[in-house]
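Below you'll find the structure, written out as structure tokens, and then a few comments.
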């Protein structure tokens, strides 16, 4: 009995050791993975907007279409614009919900936010950097030590009921582009604005328009104006007096990529082959 | 017999426990990244293998059981465990490969320097305003009007206008902000604002106004005094 136990014990230890080694290697790399991705999530509400690719037509005129639910909801906090006069210290809109879709040719971005009243001067905008140069989130304000680029602004106002394609490089330089590529449509119901902006992913105007390539991240920021009038008839928020967000990220998702599965299958095959050869070699060695 | 394998297992277990639970608790130390722990465990393992294969006898005692386990000869009830290992190994390799080749959903990571070096002309400036209770009080008044909407009435960076900004407004009561800096540094940051930062400070993300266009220098120096006093911090000095 002890003889048999003596014989088995080392085998048990060897087996446990092998299994432990495999599991440790696995656990270590899994831990690494979560450490890398968990950080931004815990400190912020969202850091990016991801636009999945949809088949069929984009809901460019319908902020209530069911297909919007296939996009992940991103949520960004808003602040009053304080960077530059004329500033405001309190803005109506405090949070902005964003969803986005693309069909390989056009991108559609849905902004959704609470606003207690529908007013003709209610407005919303999306901002991107243009080209490779960094641009300050406040209208591409000039920076002292960094050469900045322009921003591309997609603007919508309730009473105009259309999208406007604009550029700016600092406050006071806002200009409407010659070629208008942006469409926008707003719908107000139950104290909530839903505004859809649409544009081709790529335009020919590299110096003026943000270019969106699938799979890549670009910077995005938002602004909202509450067009309500106060007792004296003045607009509550207008021009530089608005709710703004910081720069976040936007990505139009690339078509699904299955290559990871092929590589995994190949690796499994190689590992099996290695095992087979190893054991065969060991068995030969033992009998010899 | 089993000892030649059992000892290494125990040794590796002890090394892991030391690296994971004891080292982080040594004063002045920090938790080790798991990749480093893994590296140390690999080093320990190779040391053990070298030691165990020094003589033919110890080599047999070390490899023998592993060989018998892998080939499955005379291991009785352990066959199930052996098949488990043989199945688990290719699956883990496949899983690892999938994880490392699959495209990442995470946006680019950003390493922003929070307190980059100021331009030369600002280093060593001293506050020209006499530190009197009156100037401090005035400075606190200016702070309340111009700074507190973002940096907070309690100097904690949690003003009502702060919520949307990333990076968030500095928390002056935190000992790692103005307590580490000289008054001249604050003068630069208030005067030139977020757009005055060098590239490593990512000026395009900062909402800090360029106060030089709105406030005279004297007000800025008084604000600095009020800020330190209100946040119960002192400026860093050369002494």
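Descriptive notes on the structure:
- Any hit, region B:70-84, residues being at pLDDT 85 or above, farther than 30 Å from residue A:273 by Cβ and more than 10 Å from every other protein chain (Cβ to nearest Cβ): no
- Residue within region B:169-180 that is outside any helix (DSSP H, G or I) and within 10 Å of another protein chain (Cβ to nearest Cβ) present: yes
- Selection of first residues in region B:47-75 that are free of Cβ contacts under 8 Å to residues at least 12 places away in the same chain and of second residues that are outside any helix (DSSP H, G or I), restricted to Cβ pairs under 8 Å at least 6 apart or on distinct chains, gives the following pairs, ordered by first then second residue: B:59/B:53; B:63/B:53; B:68/B:74; B:68/B:75.
- From the list B:48, B:12, the one residue that fits, being in contact with a helix residue (DSSP H, G or I) (Cβ under 9 Å, 6 or more places away or on another chain), more than 30 Å from residue B:195 (Cα to Cα) and at the interface with chain A (Cβ under 10 Å from one of its Cβ atoms), is B:12.
Yes or no, residue by residue, for (1) outside the structural domain of residue A:163 (by TED's automatic domain parsing); (2) in contact with a helix residue (DSSP H, G or I) (Cβ under 9 Å, 6 or more places away or on another chain); (3) modelled with pLDDT of 95 or more; (4) surrounded by 24 or more Cβ atoms within 10 Å (Cβ to Cβ):
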site: A:101; (1), (2), (3), (4): no, yes, yes, yes
site: A:114; (1), (2), (3), (4): no, no, yes, no
site: A:119; (1), (2), (3), (4): no, no, yes, no
site: A:125; (1), (2), (3), (4): no, no, yes, no
site: A:135; (1), (2), (3), (4): no, yes, yes, yes
site: A:139; (1), (2), (3), (4): no, no, yes, yes
site: A:145; (1), (2), (3), (4): no, yes, yes, no
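- So residue A:216, is it buried (at least 16 other Cβ atoms within 10 Å of the Cβ) and more than 8 Å from chain B (Cβ to nearest Cβ): no
- One residue from B:153, B:159 being surrounded by fewer than 22 Cβ atoms within 10 Å (Cβ to Cβ), modelled with pLDDT of 95 or more and within 12 Å of chain A (Cβ to nearest Cβ): B:159
- Given (1) part of a helix (DSSP H, G or I); (2) crowded, with 18+ Cβ neighbours inside 10 Å, number of the condition residue B:145 does not satisfy: (2)
- Selection of region B:118-136 for residues being assigned to a helix (DSSP H, G or I) and over 30 Å from residue A:145 (Cβ atoms) yields B:133, B:134, B:135, B:136.
- Any hit, region A:90-101, residues being within 13 Å of chain B (Cβ to nearest Cβ), closer than 28 Å to residue B:145 by Cβ and free of Cβ contacts under 8 Å to residues at least 60 places away in the same chain: yes
- Conditions (1) modelled with pLDDT of 85 or more; (2) crowded, with 16+ Cβ neighbours inside 10 Å: number failed by residue B:36: (2)
The values are calculated or read from the model by the stated rules, or taken from the named source; none is laboratory data. Being a predicted model, the structure only gives us computed values, none of them experimental. No Cβ is skipped: glycine too gets one built from the backbone with ideal geometry, and neighbour counts run over all protein chains shown.
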